[in-house]
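Chemist: My questions will all concern the structure given below.
Read-outs throughout are calculated quantities, based only on the coordinates presented, and are distinct from any laboratory measurement. Treat the numbers as computed from the prediction; the structure is a model and nothing was measured. For neighbour counting, all protein chains shown are included, and Cβ atoms are generated from backbone atoms with ideal geometry for every residue, glycine included.
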Amino acid sequence: MRKKMTVIGILLVFTGVMLTPCTTSDSTRPAPKTTSGCPLILLDEPGTLSGYVTDIEMSPIQGAHIQVDFHDTYRENYSDATGYYHVTDIPLCYCMKNATCSKQGYIPASVSLTITENTTYDFILTSASPWLYVGGGGLGNYTKIQDAIDNASKDDTVFVYDDSSPYHENLRINQTITLQGENMETTIIDGTEGPYEHLIEITAPEVTLTGFCIYPDFPNNISSVVFLDQANRTRIMENIFQNTSEYSSSMVYLLHTTYAQIINNTFKNNSVGISIYYGGDHRIEGNIFMRNKLDGIDIVYSNGNTIYQNTIVSSGHFAIICEGSHYNAFVENTINDNEYGFAAEISCQNLFSRNTFMNNTIGMSLINSQGNTIEENNFINNTNQTEIQYFGAIGRVLSILLKLRFSREIGFFSLFGPNHWEANYWSDCDSTAPRAIDQMHYLVGLQIVLGKFTDKLFLFHTTQYDRHPAQEPYLIED
């Protein structure tokens, strides 16, 4: 009987120890709070989780989603261009918390952590699809880029080392892959092996082309260098396009393509940087265009594009030209030292906001283009700040009344209404009074000369106004 009582007493002692809450002699430590989600949460000094997200090559991954789950809620953050993330406002408690890092195209990674005031953890994500390697010294690496492309499956990545650069191939991409060069300054594709119609032809959606120096060195009769045909949602990012041929066509040519992204590329010494024909809803952002012989960007019969924070310098003709293109947005572009900064023909309902047109022969030219909004731009030291022209036929009204066939694209009697100018800075205007903007109207009529009808061009002027011109140039930072 005595032994049983002793055992029971010992069990009670140990049980009592297990049920005793944790205590500390540190009087400065915050008092614990009991909740239904966690028995002990410290009230002060929430914790943080920070670190870097990279791939297996230790390259930073931008846009990865990091989520820390706890107590039926969570905190989240996204990695920046360096791969760095910083999740804040995580309650300090005695619970293990689950942190998950994910991004489309990669296998998610998770870890259980005790979060303190400044916890750090680096995530390494593995591609969800296989990688094929070209060049370099790896066992089984391909020697030709096209061979790797042909053996890739949908969503694979073809990674090209610069060890074997330059690559003399012409490439055909007809399925969704990522084609990634090791370094955009040293991984060169020059296409000298031919054939010469296009250096890179993309006919599949959602292709990514990044990390190359596209340096075509072949005859002048090519159609274009990088050609996209119905390649919707393709991404062309962080490449250098530099041409050695004097009369070649566009470096990037988009035909019947929608929702492409052309971001952070450099185009220099080409004929035309980017040409967009038909299609639309593209994003052209953060590119640099330098010393192109004709144009920086051509937009033809393409609507809904966003042209944002590009720099276009020293184009031989147009920095940007639009023909028959509507509902585009041109925002925070720097356009300097071109013959024409911007030119539009029969292009309506476009937005121009916070661009800088500087040292061009003509800052902005609009021909038969109405209903555009031009606001908060800088027009600085252009030889002619604007050139607004309308062409129409006097007989057009009679044609309408008589229900005869007529062109709807003349623009002189446009239903879009006038262009709207507001709060632009004009270097040749030092007054708060409305700044006049001259418009030239050319009408083609008929006159009788020696008993015969001949064309007669009539010119008259009207004036629009920027009624609230800015008194100082806008500081527009990339």
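Chemist: Once R0 is set to 45 Å, what does the formula 1/(1 + (r/R0)^6) return for the Cβ-Cβ distance between Arg291 and Thr373, expressed as a FRET efficiency to the nearest 0.05?
Modeler: In this case the efficiency is close to 0.90.
Chemist: In the P(r) worked out for region 60-172, what percent of Cα pairs fall beyond 23 Å?
Modeler: Tail of P(r) above 23 Å: 48 percent of Cα pairs.
Chemist: Through the Karplus equation 6.51 cos²θ - 1.76 cosθ + 1.60, θ set to phi - 60°, convert the phi angles of region 184-191 into ³J(HN,Hα) values in whole Hz; use x for Gly and Pro.
Modeler: Values per residue, Gly and Pro as x: 6, 9, 10, 9, 9, 10, 10, x Hz.
Chemist: Along Cα→Cβ, 7 Å out, is where each label goes; now give me the distance between the ones at Asn381 and Tyr277 in nm to one decimal.
Modeler: For Asn381 paired with Tyr277, the spin-label model returns 3.8 nm.
Chemist: Whole-Hz Karplus ³J(HN,Hα) for region 459-474, in order, using 6.51 cos²θ - 1.76 cosθ + 1.60 and θ = phi - 60°, x for Gly and Pro?
Modeler: My calculation for region 459-474 gives 10, 9, 10, 10, 10, 9, 9, 8, 6, 9, x, 5, 8, 10, x, 6 Hz in order.
Chemist: Considering the options Ile173, Tyr74, Ile202, tell which one lies farthest towards the positive end of the dipole of region 59-209, charges being +1 on Lys and Arg and -1 on Asp and Glu at the Cβ, about the Cα centre.
Modeler: Tyr74
Chemist: Still on this structure, please answer the following. With just the Cα atoms defining each centre, how far is region 299-371 from region 155-216? Give it in Å.
Modeler: Comparing the Cα centres of region 299-371 and region 155-216, I get a distance of 30 Å.
Chemist: Convert each backbone phi in region 279-291 into a coupling constant with the Karplus relation 6.51 cos²θ - 1.76 cosθ + 1.60 (shift: θ = phi - 60°), then list the ³J(HN,Hα) values in order as whole Hz, x for Gly and Pro.
Modeler: x, x, 6, 8, 10, 10, 9, x, 8, 10, 10, 9, 6
Chemist: Be a star and scan region 194-212 for residues whose amide nitrogen sits under 14 Å from the point 7 Å along the Cα-to-Cβ vector of Glu57.
Modeler: 208-212
Chemist: Further question on the same structure: Mind listing the long-range amide H neighbours of Asn419? Cut-off is under 5 Å, sequence gap 5 or more, other chains count too, H placed in the peptide plane at 1.01 Å from N.
Modeler: Distant-sequence amide H within range of Asn419: Gly371, Asn372.
Chemist: How would you order 76-89, 297-310, 148-161 from highest to lowest mean count of nearby Cβ atoms within 10 Å?
Modeler: 297-310, 148-161, 76-89
Chemist: Something else now. On a full-extension model of 0.36 nm per residue, what is the gain between Tyr84 and Ala423, subtracting their alpha-carbon distance, rounded to one decimal in nm?
Modeler: Between Tyr84 and Ala423, full extension yields 118.1 nm more.
Chemist: Relative to the compact globular guide of 2.2 N^0.38 Å, what is the alpha carbon radius of gyration of region 185-314, as a ratio? Spell out each step's value before the answer.
Modeler: Details: Rg = 13.1 Å, N = 130, 2.2 N^0.38 = 14.0 Å.
Ratio of Cα Rg to 2.2 N^0.38 Å: 0.94.
Chemist: Relative contact order of region 32-127: what whole-number percent is it, with Cα pairs under 8 angstrom and at least 6 residues apart?
Modeler: Values: 242 pairs, mean separation 32.2, N = 96.
Once divided by the residue count of region 32-127, the mean separation gives 34 percent.
Chemist: Still on this structure, I have one more. Given R₀ = 35 Å, what would the calculated FRET efficiency be for Val111 paired with Gln230, taking r from the Cβ atoms and rounding to 0.05? Each step should come with its number before you reach the end.
Modeler: Working: r = 42 Å, r/R0 = 1.21.
So the FRET efficiency works out to roughly 0.25.
Chemist: Turning to a different aspect of this structure: Separation between the His468 and Asp122 pseudo-spin-labels, each 7 Å from Cα along Cα→Cβ, expressed in nm?
Modeler: 5.2 nm
Chemist: For a quick check: with amide H placed at 1.01 Å from N, whose amide H comes under 5 Å from Gly363's, ignoring anything fewer than 5 positions away on the same chain?
Modeler: Gly341, Asn384, Gln385, Thr386
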